Amino acid sequence: MNILACFGSGQSRPSTTPSSTRARRSTFDPSKGARVVRPGPLPAAPPAAAAPPRAALAQKRPSVLSSRPNSAPSPSPSSSTPARSQAQAQVPAQSGSQRREDNSQAQRSQYNKDNMRRPSAVGSGSYGQANDPFACTHLTELMPITPIESTYRAHSGGTLPDGIEAPESREQNMRRLYVHDEDRVLLKVVHYGNPTSVGIEFEEGGDWQFKPLWTQRAGPRAQIYFHPSAVKAAIVTCGGLCPGLNDVIRQVVFTLDVYGVKEILGIQYGFKGFVDPKYPPVALTRKLVSRVHMAGGSFLGVSRGTPDLNDIVDKLQDWGINFFFIIGGNGSHAGAHEIYKRCLERKMKIAVVGIPKTIDNDLQLVDKTFGFDTSVEEAQRAINAAFVEASSAYNGVGIVKLMGRQSGFIAMYATLASGQVDIVLIPEVPFVLEGEHGVYNFMKKRLDKNGLCVVVIAEGAGQELLESSGGVDASGNPILGDIGKWFYSQVKAYFGKIKMSVDVKYIDPTYMIRARHCNSSDHIICSVLGQNAVHGAFAGYTDITIGLVNTHYVFLPIPKVIEVARKVDPNSNMWHRTVTSTGQPDFPMVPQKISEKKAQSQPSSPPKSQPTSPKSPVSGSSRSQSPGDPYLAGAIHLI
Ligand SMILES: Nc1ncnc2c1ncn2[C@@H]1O[C@H](COP(=O)(O)OP(=O)(O)OP(=O)(O)O)[C@@H](O)[C@H]1O
Ligand SMILES: O=P(O)(O)OC[C@H]1O[C@](O)(CO)[C@@H](O)[C@@H]1O
């Protein structure tokens, strides 16, 4: 691929990795652990220099403010001096830069004291616990590293020259630029009032009580664990395409540049770029990536397929990479985690940071993944075309197939967004086609009533109705049967059989919805994700990914997000909203009498350790269904 194809002519071709760097193998040496602290233009490291290993600290964690290596020192308990005067009082005659540093330390401490609320204020839970499931791995748990003051200067775009004192107001701004290592974002914000609440998740033992789970807030830290001049970053995009890939690459490069990093490599064609000498890494600069976000796709290229991970780690080592950004989905993150483990075995000081990319939005824990909004938006054009065709035809039927190999998020959201869909079929909700309660019969009802019917079907829906090839793609993902084409022919056959004249149109916008540049909301998400990936690496975290959780950006441990792919929950509010909008019933696999369904739905006793509720479960409402019974809602819907 011509890497510059999307820029047009007139730009110079990026240089490939200089051969001299290939010879540089960076093996870990504890004595060099401190090489991040170098004499140079940067201010000296703050006084609390030598950091104890985080693992040891995590055992204790008595105070949420003091456990992390780069926590600002606690203020004196007796201190009630306002931040500004206290800071001034602590500063003896010093050099400008030293004074600035002490000022900001003191102000941060005071700020923390004034503003931080301990978790007890909002309930116990994972926050600060030794077994915190969302604690991210920090490099200081693995090797000794001394932090330095951050070089990230978003406000000024650079440090002030030595000897020039910053105005007080700027110091205050800087103080607010950084995110504290102990900042947390609550993962689940709904406090269910009753075991029958829709969307409730039962934990092992039937526990449904509210347990706060805290994730680590993303953002720039006041202290960093890599000297920018010692950083060599690599960026790779893996898996399928997704709107926004170029945006993310661009922001990673921009943010590295703001910190002062000079060496940034783009790996071509996903993980293959590590092993295919035809496509060596390209040097990325701010100038080179400045316009890439205007185009869809990935200007670095993507691929599926699994090269030997040891070869990848060899290359990371040979090229001296110590920041590795992997933009990819579940598979890529599984790869990233494996790479992290192998780097650890080799004692490499490297931050492995994922940025979740999956157009299917099938990633655990996060509100949504970048590009998803854009694909839902693009899907509107196909749905609208199907609607227009169907509404102009005599007994018009429009069928649209949308991406979603194992999850129906695109189909569900596109349906809800469009308001033009009669039926949506997704992999998570099995359906029958024939019979009184089947899809065809409902299509007929809509045609009789409205003269048209629009059906959205997700790529992975109804696979059990097709003969499976049993094959897998290069990455091991199942190769699906084409449900869209099959459904189209079956619909024609059905209406032919019942001698009803219909005009069926089939639209498959599969690659159109992911091959475009992204919309405004995704541009913003991509930008913030890309920036936070760099902040996470500089903050010393590894084996992490960046996510949007309850509208806040967080660092998440990679193993947590890849435990299982996310799916649409048929018991969720969002699915209920969608079928409320289409007006479709469920199309139960095994039609049963409602009375039988009801009898089955009565729980003999509440799950163990559930508190007894003052209200009895709302019998006959979809809220009374047990988790995991996708058909119950449909049965009730039919009443
Ligand atoms: N379990 C795994 N362990 C190690 N590497 C993996 C694993 N699964 C996939 N990979 C690697 O991750 C890359 C991307 O995987 P895959 O093609 O499944 O896309 P993805 O990241 O899941 O994105 P998409 O959402 O587009 O499918 C592949 O090139 C493969 O090398
Ligand atoms: O044809 P490709 O490039 O393998 O991508 C198709 C797949 O990619 C995805 O968009 C994301 O995994 C799936 O929904 C779809 O099955």
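I'd like to know if the range 502-513 contains one or more residues that are part of a helix (DSSP H, G or I) and surrounded by fewer than 20 Cβ atoms within 10 Å (Cβ to Cβ). The answer is no, given that none of the residues of the range 502-513 is part of a helix (DSSP H, G or I) and surrounded by fewer than 20 Cβ atoms within 10 Å (Cβ to Cβ). Only residues that are buried (at least 23 other Cβ atoms within 10 Å of the Cβ) and within 15 Å of ligand 1 (Cβ to nearest atom) were counted across the range 367-386, and they come to 6. Scanning the range 270-293 for any residue that is in a strand (DSSP E or B), farther than 30 Å from GLY404 by Cα and more than 16 Å from ligand 1 (Cβ to nearest atom) turns up at least one such residue.
Sub-6 Å Cβ pairs linking a first residue in the range 307-332 that is over 16 Å from ILE350 (Cα atoms) to a second residue that is surrounded by 23 or more Cβ atoms within 10 Å (Cβ to Cβ) and among the aliphatic types (A, V, I, L, M), at least 6 apart or interchain, are ILE327/VAL248; ILE327/ILE355; SER332/ILE326, ordered by first then second residue. Scanning the range 553-584 for residues that are assigned to a helix (DSSP H, G or I) and more than 28 Å from GLU182 (Cα to Cα) yields ASN573, MET574, TRP575, HIS576, ARG577, THR578, VAL579, THR580, SER581, THR582. Reported count of residues in the range 304-316, each being part of a helix (DSSP H, G or I) and either open to solvent by 10 Å² or more (accessible area, probe 1.4 Å) or within 16 Å of ligand 2 (Cβ to nearest atom) (or both), is 5. Between GLY331, GLY320, GLY301, GLY296, the distinction of being within 16 Å of ligand 2 (Cβ to nearest atom) and on the phi > 0 side of the Ramachandran plot belongs to GLY301 only.
In the set GLU459, GLU428, GLU464, which member is closer than 28 Å to PHE372 by Cα and within 16 Å of ligand 1 (Cβ to nearest atom)? Please lay out each step first, then the result.
Details: GLU428 fails: within 16 Å of ligand 1 (Cβ to nearest atom); GLU464 fails: within 16 Å of ligand 1 (Cβ to nearest atom).
The unique qualifying residue is GLU459.
In the range 439-466, the residues that are assigned by the TED database to the domain that holds LEU425 form Cβ pairs under 8 Å with partners that are of a type in the set (S, T, N, Q) and away from ligand 2 (no atom under 16 Å from the Cβ), at six or more places apart or across chains, as follows: PHE442/GLN584; LEU447/ASN395; GLY451/SER391; GLY451/ASN395; LEU452/SER391; LEU452/ASN395; VAL454/GLN420; VAL456/THR415. If you go through the range 191-231 and keep only what is aliphatic (A, V, I, L, M), in contact with a Ser or Thr (Cβ under 9 Å, 6 or more places away or on another chain) and either modelled with pLDDT of 85 or more or part of a strand (DSSP E or B) (or both), you end up with LEU213, ALA222, ILE224. Taking the residues in the range 421-479 that are assigned to a strand (DSSP E or B) and over 25 Å from ALA382 (Cα atoms) as candidates, determine which candidate is most open to solvent (accessible area, probe 1.4 Å). For the range 421-479, the residue satisfying everything is VAL472.
Given the structure, is ARG286 away from ligand 2 (no atom under 16 Å from the Cβ), among the charged types (D, E, K, R) and in contact (Cβ under 8 Å) with a residue 24 or more places away in the chain? So ARG286 fits the description; yes.
Would it be correct to say that VAL528 is at pLDDT 95 or above, of a type in the set (Val, Ile, Thr), assigned to a helix (DSSP H, G or I) and buried (at least 21 other Cβ atoms within 10 Å of the Cβ)? Spelling it out, it is not the case that VAL528 is at pLDDT 95 or above, of a type in the set (Val, Ile, Thr), assigned to a helix (DSSP H, G or I) and buried (at least 21 other Cβ atoms within 10 Å of the Cβ). Scanning the range 467-485 for residues that are within 16 Å of ligand 1 (Cβ to nearest atom) and either under 24 Å from LYS505 (Cα atoms) or outside the structural domain of LEU416 (by the TED database) (or both) returns a single hit, LEU480. Can ILE321 be described as over 22 Å from the mean Cα position of the chain (by Cα), part of a loop (DSSP other than H, G, I, E, B) and crowded, with 20+ Cβ neighbours inside 10 Å? Yes: the conditions hold for ILE321.
Selection of the range 393-408 for residues being open to solvent by 10 Å² or more (accessible area, probe 1.4 Å) and under 14 Å from VAL579 (Cα atoms) yields an empty set.
The values are calculated or read from the model by the stated rules, or taken from the named source; none is laboratory data. Keep in mind it's a predicted model, so treat the numbers as computed, not measured. All Cβ positions, even for glycine, are placed from backbone atoms using ideal geometry, and neighbour counts span all protein chains on display. Just the protein is used for accessible areas: all its heavy atoms, side chains included, with ligands, DNA and RNA removed. Shrake-Rupley method; radii C 1.70, N 1.55, O 1.52, S 1.80 Å.
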